[in-house]
1. Fully extended, how many nm does the chain gain between HIS262 and ALA418 (0.36 nm per residue separation, minus their Cα-Cα distance)?
2. Measure up LYS67/LYS184; LYS233/LYS337; LYS184/LYS233 against 28 Å on the Cα-Cα distance and list the ones that go over.
3. Using alpha-carbon pairs under 8 Å, 6+ residues apart, how would you state the relative contact order of region 87-204 in percent?
4. What is the order of THR186, THR680, fewest Cβ neighbours within 10 Å to most?
5. At a Förster radius of 56 Å, what calculated FRET efficiency corresponds to the Cβ-Cβ distance of ASP53 and GLU135, to the nearest 0.05?
6. Simple spin-label model, 7 Å along Cα-to-Cβ: GLU154 to THR411 in nm?
7. To make sure I understand, if each residue's beta carbon is the centre and we count other beta carbons within 10 Å, what order do LEU147, LEU556, LEU168 fall in, fewest to most?
8. Between ASP663 and THR680, what is the label-point separation in nm under the 7 Å Cα-to-beta-carbon projection?
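Every number in this text was worked out from the coordinates using simple rules, so none of it is lab data. Remember, predicted model here, so these are calculated numbers, not experimental data. Heads up, the Cβs are rebuilt from the backbone with ideal geometry, glycines too, and the neighbour counts pull from every protein chain shown.
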Amino acid sequence: RRVQFVSLSATIANAEEFTAWMRSRRGPTKLIQEHTRPVPLDVEYMINDAHRDEGLVVEPVFAEDSKRPNPNIVRLLKRGRGKHRRFRTPRRREVVEELSGRGLLPAIIFVFSRAGCDQAARDIARARLGLTNSEERRYIRGRAEQLTAHLSPEDLAVVGYETWLANLESGVASHHAGLVPAFKETVEDLFVSGHLQVVFATETLAMGINMPARSVVLEKLSKFTGEGHDLLKPGDFTQLTGRAGRRGIDTQGTAVVLHTMHVPFDRVAAIAAAGSHPLRSSFRPSYNMVVNMIANYEQSRAEQLLQASFAQFTAQARSESLGSRLAALENDIATWKPLATCQRGDIRSWADAHNRAADVAHLLDGFASRLEIGDVLERPALGDQFPDRWVVLARGYGAAPKITLLSEDGTVRRVPPASLGATIALVGEIDVPEPFRPNDVRYQRQLGSQLRLWRSGDREPVTISLDAPADEAAVVACPEFDAHLEALRHLRRAEKDVGRLQRRAQRADTTVVDAFHAMMRLLEEREFIQGWNLRPSGERLRLVYNELDLVLSEALDQGLFDDLSGSEFAAFASVFVYEPRRVDLGGGPPSRTVHERVDLLWDIVDAVQTAEQRHELAISREPEVGFAELAHGWVAGAHLEDLFSEADDVVGDFVRTCRQVLDLLRQIRDAYPDLAEVATEAIAGMDRGVVAAGGRA
């Protein structure tokens, strides 16, 4: 039997590339794209105008039948320029009343903060806007009580049940990852059944949850990352507004963007018009996958399967594209190089001397402007100290761009060029891990670890210099002087592009198959495999499914989980699954024994990371101890009220992490018989109360 249709319910920008991959694997394949939404979408812009009696102005974002910014809004905003602030962001109550008056409820209002969602729900509920009648309120209360009946009164008090229920009865709720699962599931149930009119949600609601609405509101098109505000990407905008318009219910969906002084209207229109994300493969080989492939397939068949992946296909396509672009640039360099050569002197030295100011501050501006993401900077050591080493995470633009730097210990600094100092040197570059997430704490720690292991090789450091060319007068007197300068400008642009593309090509050359082979070499070094055969430790690694699978497997084999109590066992297991958000949920190791095991674990981590660096593999992330104290306390019998204050917005994170720890504990119980008894004890202590609700036994 042959598959005749593959239907994707997705908004992706590279459907042709995906089709080409299927064609390469399955033969002739035809792409059929549908660009018309089942429920048409209107995108509107809402402004509070102090000069109008009615207050709110609501206009389409786009001009009629086009993707150009609406000229009515452009003219209105121009008239508002002056000393007095005429326009402001509409208040939440104004927005809800406007939507209600126009028949655009139910609505999802996206607020990019958990606390903001909770506060907004409370404010609208207290405003008593009459969004529900008495019959609806009775149904809401009954359904909420039914879906939370498994939670104890003590746990309900900690998670703010009474306030949450009062909000629901008013037809309003918040939805974010900090809510306990029962609360989120209740909100989703009541919204889909039409009993909730307004949900204030973070962007996590847009991912994988079926909660369509008549309208969607975006309070801002920027969100705080912990260091600054980033604009939404066009694909994110498409994903969020995709919730507007219920198929079979609404004839029109409406997306509303609220005016804010921080994002110009032309940027709003550009983001709304741009479209969707490209489809990217998330397939990456893991150590567990390698040993399971060895166990289940002949080597040739395993490599065929890897070659057939979309990740391998796109990597090869990128490599071929970069090769073509590099060849074209090399031709440009061959053309411009002789034209940029002056027989009377060194035109490059003349240009360098006159394109920079004669003081260190301006030289540093120029030095900074040429930096790229991944460049490694060093300052010479003072006395017996080690040199300061940093990697460039981001660079601003303009005459004196600020540079975001990451140190070996994970410290992030955003500095002006002048603070780099006259002794700064560019000593090489590092291949930054993909996908690039410079604002993610875990990513920063991973890159910091990679920087600690990085070695500069034979590359000559690039420093700043104040030297002037000796043949300056002769160069300027050349009759072809202007032509030489113009050719040099083209030549340097091509050379810079070649360097940038070569770095990208080096990363693109590392395909899925290459990574698989590198992992095999590392596993053979560490005695998990021998050729295409598994050693006993490799057989055990087959049963470990964890992001830190190799580190975890070595920790288990080396006895780091031995002789622990149930609560200590859970605490130590948590370091392999916990991912810190903006703030750690708990503290460090809860006992001296766990502290000692964590210290021993770092020896394994350092050894694995060093081996990964040597084999040019992505560096494994570091374990995180921030949940260990909470895991220990919960398994030891603590109540939710002992661990959290009332209505804490991280209880949902706690439950989710506990369930991840539970999954790992079950893996260890099943894979390591000698640890089954203590693992079972830890499971029993953790799988209770709010954590057990909805989980599996």
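1. 53.3 nm
2. From the list (LYS67/LYS184; LYS233/LYS337; LYS184/LYS233), the Cα-Cα distance tops 28 Å for LYS67/LYS184; LYS233/LYS337.
3. On the way: 134 pairs, mean separation 49.6, N = 118.
Rounded, it is 42 percent for region 87-204.
4. THR680, THR186
5. So the FRET efficiency works out to roughly 0.95.
6. 4.4
7. Working: LEU147 16, LEU556 20, LEU168 24.
Going from sparsest to densest Cβ surroundings: LEU147, LEU556, LEU168.
8. Reported label-point gap for THR680 and ASP663 is 2.4 nm.
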